[in-house]
Each structure stands twice: as C-alpha cells, then as structure tokens.
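**Student:** Pasting a structure here, questions to come.
Every number in this text was worked out from the coordinates using simple rules, so none of it is lab data. What you are looking at is a predicted structure, and each value in this text was computed from that prediction instead of being measured. Note that we place each Cβ from the backbone using ideal geometry, even for glycine, and neighbour counts take in every protein chain shown.
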Amino acid sequence: MTTPTAFAIDEARTRLHELTVIDVRTPGEYAGGHLPGALNIPLGQIRRALPDIRHATDRGDVLVVCASGARSRNACEILAENGVTAATLSGGTAAWAADGHELHRPQGASRATWEMERQVRFTAGAVVLLGLLLGLVVHPAFQLLSAGIAGGLVFSALTGTCGMAATLARLPRNRPRAADLDNTLASLRSR
C-alpha cells in the first residue's frame, strides 16, 4: 500500500478554495471545529460516499482531514483501493489550529463532543482503574481487565489502528444522523 499524498498546512491553506475538503471525524468532533468549507463524512461512512467522492475528484483535488492525520490516512487508503485519489492534511485540524488558522463551527451546534483521542484516553483510563479496583476489592482476576486494555493500547500503537476508537465511534453522539449524511452527500454532489 502506498502512502497517501500529504499537504502541508501552508499548501492546503493557499489551495483551500479549489479543494473539496472531507472531514472524516465524528459529527461531534466536526462540530467542535473544522476547516472552512469541509464536509463531514465520518470514516465509517466513506464507503457509502465513494460514488460522490469519486465524482468530486472529476472537479478537482480532494483533501481528507481528521484530528491528527491517522484517520484521514486510513480514509485515503480506502479511497485508493477503490480508484479514488485523495490527499491528507499533515497534522490534521490540530496542526491547522496550532498554526493559527481559524476553525469553523456549525451554527447552532450544541456543545462539542470530546475528540476521539480524548474519548479513548478517558475510557481506557476508567477501565484500567475499574479493573484495578475490582481486583483489590472483589477478586484479583479483575486485574486482567487492566492488562487487556494495556495490551490493546500497545497493539493500537504498533498498528496505527484503534479498536476502542472504532467502538466509541458507534455511540449515538459520534454517529451522523442519516439525514445529516444525506445532506452532506447532496452538498458534495452539487459542488
């Protein structure tokens, strides 16, 4: 598998007006701030959006973004497997904001959901503490819960994937409503 093309922040900023920007984070993360003009198509919905993304590449380059660049690289690989060329943003929206560029927020957006990395850290920490506590109070075998999380974190670091993030992405707050995704795809088609 080839590594997707990555745009530096300055290149993306100067070309933003000519790019179709797809943000593959969860709807809650997207609502917390996204690149100007970005459309929210969560990573888990990329395959559903393939025909519309393929059509967008006929009109120009597609830039895929996420919080740090990991999910956007995964999305670019899925797109490449299906004959769609796309680039990723080096460092993601975190690097964009750190470089002093504005992030847009949808009007009327409710409080933002924690970014996925923060959700994973919280959940992993809570399960580790629970396993240790139950291991002390109830039965030592509960410490295996903590060991399982530790093993999962090591596996996640080695493979660049995260099963916990994939699971958390299925929570209602992290999933797009069908109507929202349909509207996003309609907007992508009309560009």
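**Student:** Pop the C-beta distance of VAL138 and THR159 into the FRET formula with R0 = 22 Å and round what comes out to the nearest 0.05. Working shown, then result.
**Tutor:** Details: r = 32 Å, r/R0 = 1.47.
Computed FRET efficiency for VAL138 and THR159 comes out at 0.10.
**Student:** Once the Cβ-Cβ distance between ALA150 and ALA94 is put in as r, and R0 is 25 Å, what FRET efficiency do you end up with, to the nearest 0.05? Please list the in-between numbers first.
**Tutor:** Working: r = 25 Å, r/R0 = 1.02.
Approximately 0.45, to the nearest 0.05.
**Student:** Grab the Cα-Cα distance for LEU129 and ARG47, subtract it from 0.36 nm times how many residues apart they are, and report the gain in nm with one decimal.
**Tutor:** Details: separation 82, 0.36 × 82 = 29.52 nm, distance 3.68 nm.
Gain on extension, LEU129 to ARG47, equals 25.8 nm.
**Student:** Using packing as a proxy for protection, rank 21-33, 55-67 so that the peptide with the highest average count of other Cβ atoms within 10 Å comes first.
**Tutor:** On the way: 21-33: 24.5, 55-67: 19.1.
Packing proxy ranking, top to bottom: 21-33, 55-67.
**Student:** Now for a different question. Charges at C-beta only: +1 for Lys and Arg, -1 for Asp and Glu. How large is the resulting dipole of the chain about its Cα centre, in Debye rounded to 20?
**Tutor:** Numbers: 19 positive and 16 negative charges, 110 e Å.
For this selection, approximately 520 debye.
**Student:** Residues of the range 116-148 with amide nitrogen under 18 Å from the 7 Å Cα-to-Cβ point of LEU171?
**Tutor:** 116-131
**Student:** What is the magnitude of the charge dipole of the range 121-191 about its Cα centre, with +1 placed on the Cβ of each Lys and Arg, -1 on the Cβ of each Asp and Glu, and no other charges, expressed in debye to the nearest 20?
**Tutor:** Details: 7 positive and 2 negative charges, 61 e Å.
With only Lys, Arg, Asp and Glu charged at Cβ, the dipole is about 300 debye.
**Student:** Dipole size in debye (nearest 20) for the range 26-137 around its Cα centre, Lys and Arg Cβ +1, Asp and Glu Cβ -1?
**Tutor:** Details: 10 positive and 10 negative charges, 59 e Å.
Dipole of the range 26-137, to the nearest 20 debye: 280 debye.
**Student:** Out of the DSSP beta bridges found with both residues in the chain, what percent are antiparallel (nearest 5)? Walk me through the numbers before you get to the answer.
**Tutor:** Numbers: 1 of 12 bridges.
Antiparallel: roughly 10 percent of the beta bridges in the chain.
**Student:** If you don't mind, another one. Report, in deg cm²/dmol and to the nearest 500, the calculated mean residue ellipticity at 222 nm for the chain, where each DSSP H run with n ≥ 4 adds -39500 (n - 2.57) and the sum is divided by the residue count. Walk me through the numbers on the way to the answer.
**Tutor:** Working: 9 runs with 101 residues, N = 191.
After summing the helix terms and dividing by the residues of the chain, the value is -16000 deg cm²/dmol.
**Student:** Also, I was wondering about something else. Quick one: which of 149-159, 85-95 comes out on top by average Cβ neighbours within 10 Å, and what's the full order, highest first? Please list the in-between numbers first.
**Tutor:** On the way: 149-159: 12.8, 85-95: 20.9.
Those peptides, ordered most packed to least, come out 85-95, 149-159.
**Student:** Further, regarding this structure: Taking the DSSP beta bridges in the range 11-117 as the whole, what percent of them are antiparallel, to the nearest 5?
**Tutor:** Values: 1 of 9 bridges.
Given both bridge residues lie in the range 11-117, the antiparallel proportion sits at roughly 10 percent.
**Student:** Rounded to the nearest 10 degrees, what's the angle between the helix 70-81 long axis and the longest principal axis of the chain, both from Cα atoms, 0 to 90?
**Tutor:** With both axes taken from Cα atoms, the answer is about 60 degrees.
**Student:** Considering the options ALA49, VAL21, LEU144, tell which one lies farthest towards the positive end of the dipole of the chain, charges being +1 on Lys and Arg and -1 on Asp and Glu at the Cβ, about the Cα centre.
**Tutor:** Of the options given, the answer is LEU144.
**Student:** Express in nm, to one decimal, how much length is gained between ARG59 and ASP10 on full extension, taking 0.36 nm for each residue of separation and deducting their alpha carbon distance. The partial results should precede the final answer.
**Tutor:** Details: separation 49, 0.36 × 49 = 17.64 nm, distance 2.18 nm.
Here the answer is 15.5 nm.
**Student:** With a ≥ b ≥ c taken as the square roots of the eigenvalues of the C-alpha gyration tensor of the range 142-191, please select rounded if a/c is under 1.5 and otherwise prolate if a/b is larger than b/c or oblate if it is not? It would help to have the intermediate numbers written out before the result.
**Tutor:** Details: a/c = 8.81, a/b = 2.56, b/c = 3.44.
Oblate is the answer for the range 142-191, as a/c is 1.5 or above yet b/c matches or exceeds a/b.
**Student:** Oh, and also: So for the chain, averaging the separation of alpha carbon pairs under 8 Å that are six or more residues apart and normalising by length, what relative contact order in percent results?
**Tutor:** Details: 269 pairs, mean separation 49.4, N = 191.
Computed over the chain, the figure is 26 percent.
**Student:** For a quick protection proxy, order the peptides 126-138, 37-49 by their average other-Cβ count within 10 Å, most packed first.
**Tutor:** Values: 126-138: 13.9, 37-49: 19.5.
Highest mean packing first, the order is 37-49, 126-138.
**Student:** Still on this structure, please answer the following. For the chain, what value does the Rg/Rh ratio take when both radii are computed over Cα atoms and Rh is the Kirkwood radius, given to two decimals?
**Tutor:** On the way: Rg = 18.3 Å, Rh = 17.7 Å.
Expressed as Rg/Rh, it is 1.03.
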